[in-house]
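In what follows, a single structure is set out as structure tokens and then discussed.
The values are calculated or read from the model by the stated rules, or taken from the named source; none is laboratory data. Predicted model, so just to flag it, every value in this text is computed and none were measured. Every residue, glycine among them, receives a Cβ derived from its backbone with ideal geometry; neighbour counts consider all protein chains shown. Heavy atoms of the whole protein, side chains included, go into the accessibility calculation; ligands, DNA and RNA do not. Shrake-Rupley method; radii C 1.70, N 1.55, O 1.52, S 1.80 Å.
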Amino acid sequence: QVQLVESGGGLVQAGGSLRVSCAASGPGSALGFSAMGWYRQALGKQRELVATISNLGTTNYADFVKGRFTISRDSPKNPVYLLMNSLQMSSLEPDDTAVYFCCGRQTTTGRDYWGQGTQVTVSS
């Protein structure tokens, strides 16, 4: 099984920055992920892609990111977690307010795993 746990959400003023992280654990995490990414879902809207990073480090961003966000892979400090990635968000706008979900596609099975989400609120 795979568990993805997000952290780092919160409240920030427009123009500010916030970093959200995703930690993967569980036996299934040892099989690796072909890609990990972030999606977001604002109230009353559909979930949308924000950014992804492949196991080779290739990144992909939604157009609305406009160079404001950066996704990266991190080295877990806690040995419980096998993989981590972070999304550094800058120049945040009220429209960025949403629940941000971490997603990982398991390499061997192609199955997508999701975290429970972390709330990001940008005040004007």
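Here are a few things to note about the model shown:
Table: residues versus (1) over 17 Å from TRP114 (Cβ atoms); (2) open to solvent by 60 Å² or more (accessible area, probe 1.4 Å); (3) aliphatic (A, V, I, L, M).
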position	(1), (2), (3)
GLY15	yes, no, no
SER21	no, no, no
GLY26	no, no, no
SER29	no, no, no
ALA35	no, no, yes
PHE64	yes, no, no
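- Those residues of the range 30-49 which are among the aliphatic types (A, V, I, L, M) and under 9 Å from ALA98 (Cβ atoms), in sequence order: ALA42, LEU43
- Hey, THR109 open to solvent by 60 Å² or more (accessible area, probe 1.4 Å), of a type in the set (Val, Ile, Thr) and either at pLDDT below 90 or closer than 29 Å to ALA14 by Cα (or both) or not: yes
- Residue list for the range 37-62, filter: among the aliphatic types (A, V, I, L, M), open to solvent by less than 30 Å² (accessible area, probe 1.4 Å) and either under 16 Å from GLY8 (Cα atoms) or not in a loop (DSSP other than H, G, I, E, B) (or both): VAL50, ALA51, ILE53
- Against the numbered list (1) open to solvent by less than 60 Å² (accessible area, probe 1.4 Å); (2) at pLDDT 95 or above; (3) in a strand (DSSP E or B), GLY104 comes up short only at (2).
- For the criterion of being farther than 24 Å from VAL2 by Cβ, open to solvent by 30 Å² or more (accessible area, probe 1.4 Å) and either touching a helix residue (DSSP H, G or I) at 6+ places or on another chain (Cβ under 6 Å) or not acidic (Asp, Glu) (or both), SER72 fails.
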